[in-house]
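Engineer: Got a structure here, written out as structure tokens. Questions coming.
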Amino acid sequence: MKKNIVVFTGAGMSAESGISTFRDKNGLWENHDIMEVASPEGWQKNPQLVLEFYNQRRRQLKQVSPNKGHELLAKMESQYQLQIITQNVDNLHERAGSSCVLHLHGELTKVRSVANEHTIYEQHDDVQLGDTDGHGNQLRPHIVWFGEEVPALEEAIVLTQQADLLLVIGTSLQVYPAASLLHYAKATIPLVYIDLNPARLEGIPNPTTVIAKTASEGLHDFIEILPQLLEK
């Protein structure tokens, strides 16, 4: 039976592809106050601004490609049962060939009805005010904004509990509740943390390996030591 590896990825996973990390040190995201473009209040105040912000992100996504790190994860599926849980809203994991990807914070290439969160459509082009579902309700980005629940969290917890190894890549572990996933892994399984500037792991009992490198460089190192980690 293939070993079950659960991979938890954040902004650092896509940084090498040219996708901007979530926010700068000054609290801005692409020169916008985050609450203006990533909160229900921002949407109510200026939906045009919010739509255009995500239109720009969608256009940028078309101009970038999966990086070596994405490709290495996809190749691992031939040897392991690999489940990716990502904080990222891009589709680079899927474009690299990964088949099991759970998006905690929504997907840039989807929109949904403001009246029904389960009415979801694929969307690769711009969205404007006046674009509606079949009942005349405005479409909004299919993104989990600040202050909104994370619908996929329960599924992510179950997947993490089933892992034989937990691999964390490119996240500062500062965004909750996503960062709390580490605490649901079985305490005896190996935990590997790849990040160029790794955060301190507190309250984690797992045997832990920290690789302070970029996603793609760290994955090269990880793949070399993986057989030994799974034997322990």
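Engineer: Averaged per residue, what accessible area in Å² does the range 1-134 show with a 1.4 Å probe, protein chains only?
Structural biologist: Details: 6520 Å² over 134 residues.
Here the per-residue accessible area is 49 Å².
Engineer: Could I ask something else about it? Run the simple label-point estimate for residue 212 and residue 129 please: 7 Å along Cα→C-beta, distance reported in nm.
Structural biologist: Here the modelled spin labels are 4.9 nm apart.
Engineer: Now for a separate question. Find out how many positive minus negative residues lie around residue 214, taking Lys and Arg as positive, Asp and Glu as negative, among other residues whose Cβ is under 12 Å from that of residue 214. Before the final figure, lay out each step's value.
Structural biologist: Working: positive: 68, 213; negative: 16, 195, 217, 221.
Net charge around residue 214: -2.
Engineer: Compare 105, 220, 142 in a GNM of the chain, Cα atoms joined below 10 Å, and give the one with the largest fluctuation.
Structural biologist: 220
Engineer: Taking the Cβ-Cβ separation of residue 31 and residue 68 as r and a Förster radius of 22 Å, what is the calculated FRET efficiency to the nearest 0.05? Write out the running numbers ahead of the final one.
Structural biologist: On the way: r = 29 Å, r/R0 = 1.32.
With a Förster radius of 22 Å, E is 0.15.
Engineer: Using only helices, what value at 222 nm comes out for the chain when you add -39,500 (n - 2.57) per DSSP H run of length 4 or more and divide by the total residues, to the nearest 500 deg cm²/dmol?
Structural biologist: Values: 8 runs with 71 residues, N = 232.
Theoretical 222 nm ellipticity from helices: -8500 deg cm²/dmol.
Engineer: Could you work out what % of the accessible surface of the chain is carbon and sulfur, using a 1.4 angstrom probe and leaving DNA, RNA and ligands out of the count? Don't skip to the end; give the middle numbers.
Structural biologist: Details: 5640 of 11500 Å².
Roughly 49 percent of what the probe reaches on the chain is carbon or sulfur.
Engineer: Of the candidates 132, 86, 214, which one comes out as most mobile in a Gaussian network treatment of the chain with C-alpha springs shorter than 10 Å?
Structural biologist: Highest fluctuation among the options: 132.
Engineer: With the cut-off at 20 Å, tell me which of the pairs 3/186; 62/110; 110/213 have Cα atoms farther apart than that.
Structural biologist: Numbers: 3/186 14 Å; 62/110 14 Å; 110/213 32 Å.
Violating the 20 Å Cα-Cα cut-off are 110/213.
Engineer: Using θ = phi - 60° and the Karplus relation 6.51 cos²θ - 1.76 cosθ + 1.60, list the HN-Hα couplings for the range 161-172 in order, rounded to whole Hz, with x at every Gly or Pro.
Structural biologist: Here the 3J(HN,Hα) series is 5, 8, 6, 8, 7, 10, 10, 10, 10, x, 9, 7 Hz.
Engineer: Quick check: net charge around residue 101, other residues with Cβ under 10 Å of its Cβ, Lys/Arg +1 and Asp/Glu -1? Don't skip to the end; give the middle numbers.
Structural biologist: On the way: positive: none; negative: 94, 107.
Combined, the nearby Lys, Arg, Asp and Glu give -2.
The values are calculated or read from the model by the stated rules, or taken from the named source; none is laboratory data. In this text, all values refer to a predicted model and were calculated from it rather than measured experimentally. Reconstructed Cβ throughout: ideal geometry from the backbone, glycine too, with neighbour counts over all protein chains shown. For the accessible areas, the whole protein counts, side chains as well, though only heavy atoms, and no ligand, DNA or RNA atoms are used. Shrake-Rupley method; radii C 1.70, N 1.55, O 1.52, S 1.80 Å.
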